[in-house]
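Visitor: If you scroll down you'll find the structure; I have some questions about it.
The values are calculated or read from the model by the stated rules, or taken from the named source; none is laboratory data. Predicted, not measured: the structure shown is a model, and the values here were computed from it. Methodologically, a virtual Cβ is constructed for each residue, glycine included, from the backbone with ideal geometry; neighbour enumeration extends over all protein chains shown. Note: areas computed on protein heavy atoms with side chains; ligands, DNA, RNA excluded. Shrake-Rupley method; radii C 1.70, N 1.55, O 1.52, S 1.80 Å.
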Amino acid sequence: MRQGEVTFTYSGILSRDGKKVIHVRFEREGQDGKDYAEGVLPSCQIERSKGFTPNELEQMTAYLQREKEHIIQDAKKLNNIKNWF
């Protein structure tokens, strides 16, 4: 990962407090180490962050809202692969 380049990763579907969720993470190499923002779907809420500006966090939330259905479908595929093992 190059400095300033943001990567996005997500989990399969997990259970949290009796609800199905997907954990998401945005990450980049910042000037002071790793910047990160962690959130959850389907609420599209960023729950923790370090190093990203409020504007960047708003953009991430908008991305999650726009891509939510696609991410959910891909997370379901991750769960299917996990069940093979």
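Visitor: Solvent-accessible area per residue for the chain at a 1.4 Å probe radius, Å²? Before the final figure, lay out the partial values.
Guide: Details: 5920 Å² over 85 residues.
The answer is 70 Å² per residue.
Visitor: For the residue pair Glu38 and Phe8, what label-to-label distance in nm results when each label sits 7 Å from Cα along the Cα-to-beta-carbon direction?
Guide: 1.9 nm
Visitor: With θ set to phi - 60° and the Karplus curve 6.51 cos²θ - 1.76 cosθ + 1.60, what are the ³J(HN,Hα) couplings of segment 9-21 in order, to the nearest whole Hz, using x for Gly and Pro?
Guide: Going residue by residue, I get 10, 8, 8, x, 7, 10, 10, 9, 6, x, 10, 7, 9 Hz, with x marking Gly and Pro.
Visitor: Separate question: In deg cm²/dmol and to the nearest 500, what is the mean residue ellipticity at 222 nm of the chain if only DSSP H runs of at least 4 residues count, each as -39500 (n - 2.57), divided by the residue total? Walk me through the numbers before you get to the answer.
Guide: Values: 1 runs with 31 residues, N = 85.
Rounded to the nearest 500, the figure is -13000 deg cm²/dmol.
Visitor: Taking 1 over the mean of 1/r across every pair of different Cα atoms in the chain, what Kirkwood radius in Å do you get? The partial results should precede the final answer.
Guide: Working: mean 1/r = 0.0737 Å⁻¹.
Result for the chain, one decimal place: 13.6 Å.
Visitor: Could you give the length gained on full extension between Gln65 and Leu78, defined as 0.36 nm per residue of separation minus the Cα-Cα distance, in nm?
Guide: Taking 0.36 nm per residue and subtracting the Cα distance, the gain is 2.7 nm.
Visitor: Angle check, please: helix 54-84 long axis (alpha carbons) against the longest principal axis of the chain (alpha carbons), in degrees 0 to 90, nearest 10.
Guide: The angle comes out at about 30 degrees.
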